[in-house]
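Take a look at the structure below.
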Amino acid sequence: QVQLVESGGGLVQAGDSLRLSCAAAGRTYSYAMGWFRQAPGKEREFVASITWSGRTDYADSVKGRFTISRDNGKNTVYLQMNSLKPEDTAGYYCAASSRGYTLRNPAQYDYWGQGTQVTVSS
């Protein structure tokens, strides 16, 4: 069993930066980790993912602005978000997949955190 706890969300202005953290409890060796977001009335969408070895994948909407990373020793995944835009406003969710490779489909993730809210004002 894996438990995920996100932190670092908040209210910021357009152009600001935030760093989200996702602390995992339990065995995540070889797991791929992902970040997803969901705005009110919209489906959950892929943001970024990273394999155990550090291979990454990004949604086009965040490429060049967001960076996903992980510290395997601390069992923690990060999402550095720069140049934030109002359209980035959403609940951000961390997820873990035992499949190990980068995945964009939320149905292929086994564990989810409770989420952290990011609100970007214009």
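The values are calculated or read from the model by the stated rules, or taken from the named source; none is laboratory data. The structure presented is a predicted model; accordingly, all values stated were derived computationally and were not measured. Backbone-built Cβ (ideal geometry, glycine too); neighbour counts: all protein chains shown. Accessible surface is based on the protein model in full, side chains and every heavy atom, while ligands, DNA and RNA are left aside. Shrake-Rupley method; radii C 1.70, N 1.55, O 1.52, S 1.80 Å.
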Review point. Regarding D60, is this residue outside any strand (DSSP E or B), without any contact (Cβ under 8 Å) to a residue 60 or more places away in the chain and either among the acidic types (D, E) or crowded, with 19+ Cβ neighbours inside 10 Å (or both)?
Key: yes
Review point. When S69 is evaluated against the numbered criteria (1) modelled with pLDDT under 95; (2) of a type in the set (S, T, Y); (3) within 19 Å of V2 (Cβ to Cβ); (4) surrounded by fewer than 17 Cβ atoms within 10 Å (Cβ to Cβ), which criterion, by number, is the only one it fails?
Key: (1)
Point to revise | Selection count, region 87-101, where residues are open to solvent by 10 Å² or more (accessible area, probe 1.4 Å) and farther than 16 Å from E45 by Cβ | key: 4
Point to revise | Test: residue in region 96-103 that is at pLDDT 95 or above, of a type in the set (F, W, Y) and within 21 Å of G26 (Cα to Cα) | key: no
Point to revise | Residue in region 22-47 that is surrounded by the fewest Cβ atoms within 10 Å (Cβ to Cβ), counting only those that are under 13 Å from S97 (Cβ atoms), within 15 Å of the chain's Cα centre (by Cα) and among the small types (G, A, S) | key: A24
Check your understanding: Which condition does R104 not pass, out of (1) touching a Phe, Trp or Tyr at 6+ places or on another chain (Cβ under 8 Å); (2) farther than 21 Å from V5 by Cβ; (3) buried (at least 18 other Cβ atoms within 10 Å of the Cβ), if it passes all the others?
Key -> (3)
Review point. Considering only region 1-33, how many residues are of a type in the set (S, T, Y) and farther than 30 Å from S121 by Cα?
Key: 4
